[in-house]
Amino acid sequence: MVLEGIRRGAYPGAALVVGRRDTLLFSKGYGRLTWSASSAPVDPDGTLYDLASLTKVVATTTALMVLLERGRVRLDAPVAAYVPEFSGAGTTGITVRQLLTHTSGLRADLPDAELKALPDGEALLRRVQRETPRIPPGRRVIYSDRNAILLGEVAQRAAGEPLDVFAARELFRPLGLAQTMFRPPAPLRPRIAPTGVWRGHAVAGIVNDASAFKLGGVSGNAGLFSTAGDVARFAQFVLRGGALPDGRRLLSPETVRLFTTKAVDFGGGTEARALGWQAVPTGETVSSVGTLFGPRSYGHTGWTGTSLWIDPDRDLFVVLLANRAYAPRARRSFTLLKEVRGAVANAAARASDAR
């Protein structure tokens, strides 16, 4: 299935890891970092991918979970309690919880032309902080990077230090995620799957997301790089209810359950959301998780080609990292990757049920 995506031109390579809370069931790399036959082969434990929006759950949401347990963030506090500059018309009642569930009413994204016109990250932050909701908060899900950018600001201000510094010390190091980082150093670039081409050269190690790039590579919505092996270790941590491999706890089971339980589901084919995570809508399926994962499943995807889905009832997770954003040969690369994700998730669920 993963090879079919390569054959059809959706991405040049991918890494797949399937497992349970305490064991890996499958781990394999497919294809290469680029379409060139001389390019390095994908290694699930050695190839770093631009996680794109997986940053929202691996870094931003998890940092907020830690800060919540330490009493430094409250879910139902207004965003302005942490980011007083967030003061546009109609924003007074918008809460941290509503940012996490994408029910703030803020529009989806800045138009490309508007984003390009902003001179730097400070100007981008000021623009986001002046946003006004397009609909009253709490009415429906509008998936928006602005929510995540603001959540990154909430986390940084509550922590009293930059998001990347806090996440590295308080999350990645305790979890043993040695290859998970913002702004990977240049010596690692030969191991990073590229996500674009500039002047004929592959672009690797520079965040693909335009907002995160303007913000210096560290943002609540994107910027994180990691391997499939590290993302799998993160998934196991979540499945263990916040426990480290040695039994010590980084988070309580109650906090993990709170954030990974479906919080909003407006029906009608719209997105369902947990806190920070995507959930499975009632009576519906989402293509990236196939048709067999249970109704309590949760996960997230990233524009560059990354995804993580967890089925707590099966004690099962699927990590699939691909660099779809790098010069896809297929016109429908995004749709093709969705099909691959769904097929892989279904195969993992069937194999799990057969054991």
Next on the checklist: Residues to consider are 33, 100; find the one that is at pLDDT 95 or above, under 25 Å from residue 138 (Cβ atoms) and out of contact with any helix residue (DSSP H, G or I) (no Cβ under 6 Å at 6 or more places or on another chain).
Outcome noted: 100
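Look at the stretch 103-117 and say how many of its residues are touching a helix residue (DSSP H, G or I) at 6+ places or on another chain (Cβ under 6 Å) and surrounded by 17 or more Cβ atoms within 10 Å (Cβ to Cβ). Walk me through how you get there before you give the answer.
Going residue by residue through the stretch 103-117, those that are touching a helix residue (DSSP H, G or I) at 6+ places or on another chain (Cβ under 6 Å) are 104, 106, 109, 115.
In the following step, the residues that additionally are surrounded by 17 or more Cβ atoms within 10 Å (Cβ to Cβ) were identified as 104, 106.
Qualifying residue count for the region: 2.
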Next on the checklist: The conditions are (1) closer than 30 Å to residue 340 by Cβ; (2) modelled with pLDDT under 95, and residue 87 fails exactly one of them. Which is it?
Outcome noted: (1)
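Going by what's in this entry, would residue 251 be described as within 25 Å of residue 74 (Cα to Cα), assigned to a loop (DSSP other than H, G, I, E, B) and in contact with a Ser or Thr (Cβ under 7 Å, 6 or more places away or on another chain)?
Here the answer is no, as residue 251 does not meet what is asked.
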Checklist entry - Which condition number does residue 156 fail, the rest of (1) part of a helix (DSSP H, G or I); (2) out of contact with any Pro (no Cβ under 9 Å at 6 or more places or on another chain); (3) farther than 20 Å from residue 304 by Cβ being met? => result (2)
Item to check | Scan of the stretch 328-355 for residues that are in contact with a strand residue (DSSP E or B) (Cβ under 9 Å, 6 or more places away or on another chain) and closer than 22 Å to residue 226 by Cβ, ordered by number | outcome: 337, 338, 340, 341, 344, 345, 348
Checklist outcome for this item: Expected single match for in a helix (DSSP H, G or I), farther than 25 Å from residue 204 by Cβ and either of a type in the set (Lys, Arg) or free of Cβ contacts under 8 Å to residues at least 12 places away in the same chain (or both) among 140, 127, 72, 107 is 127
Checklist entry - Are there any strands (runs of 3 or more DSSP E) wholly within the stretch 259-355 with 3 or more residues that are surrounded by fewer than 24 Cβ atoms within 10 Å (Cβ to Cβ), of a type outside the set (Val, Ile, Thr) and modelled with pLDDT of 95 or more, and if so which? => result none
Checklist outcome for this item: When every residue in the stretch 75-99 that is in contact (Cβ under 8 Å) with a residue 60 or more places away in the chain and assigned to a helix (DSSP H, G or I) is compared, the one farthest from the chain's Cα centre (by Cα) is 79
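For every residue, the table says whether it meets (1) hydroxyl-bearing (Ser, Thr, Tyr); (2) within 30 Å of residue 175 (Cβ to Cβ).
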residue	(1), (2)
41	no, yes
46	no, yes
60	yes, yes
67	no, yes
91	yes, no
96	no, yes
112	no, no
129	no, no
141	no, yes
Checklist entry - Within the group 244, 188, 224, 215, which residue is modelled with pLDDT of 95 or more, in contact with a Ser or Thr (Cβ under 7 Å, 6 or more places away or on another chain), at negative phi and not hydroxyl-bearing (Ser, Thr, Tyr)? => result 224
Next on the checklist: residue 174 - would you say it is surrounded by fewer than 16 Cβ atoms within 10 Å (Cβ to Cβ) and touching a residue at least 60 places away in the same chain (Cβ under 8 Å)?
Outcome noted: yes
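Kindly evaluate residue 38 against the criterion of being without any contact (Cβ under 8 Å) to a residue 12 or more places away in the chain, touching a strand residue (DSSP E or B) at 6+ places or on another chain (Cβ under 9 Å) and outside any strand (DSSP E or B).
yes
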Checklist entry - Can you name the residue in the stretch 76-86 that is in contact with a strand residue (DSSP E or B) (Cβ under 9 Å, 6 or more places away or on another chain) and crowded, with 17+ Cβ neighbours inside 10 Å and, of all such residues, is farthest from residue 249 (Cα to Cα)? => result 86
Checklist entry - If you scan the stretch 187-203, which residues turn out to be surrounded by fewer than 24 Cβ atoms within 10 Å (Cβ to Cβ) and aliphatic (A, V, I, L, M)? => result 188, 192, 197, 202, 203
Checklist entry - Pairs, please: C-beta under 8 Å, at least 6 apart or cross-chain, first residue of a type in the set (D, E, K, R) and in the stretch 289-310, second at pLDDT below 95 and surrounded by fewer than 24 Cβ atoms within 10 Å (Cβ to Cβ)? => result 296/280
Checklist entry - Which ones in the stretch 36-75 are more than 14 Å from residue 319 (Cβ to Cβ), acidic (Asp, Glu) and either surrounded by 24 or more Cβ atoms within 10 Å (Cβ to Cβ) or in contact with an Asp or Glu (Cβ under 9 Å, 6 or more places away or on another chain) (or both)? => result 50
Next on the checklist: Taking the condition of being β-branched (Val, Ile, Thr), buried (at least 18 other Cβ atoms within 10 Å of the Cβ) and either on the phi > 0 side of the Ramachandran plot or out of contact with any Pro (no Cβ under 6 Å at 6 or more places or on another chain) (or both), how many residues in the stretch 1-35 meet it?
Outcome noted: 3
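The values are calculated or read from the model by the stated rules, or taken from the named source; none is laboratory data. On a predicted model such as this, the values are computed, not experimentally measured, just so you know. Using ideal geometry, Cβ is built from the backbone for each residue, glycine included, and neighbour counts are taken over all protein chains shown.
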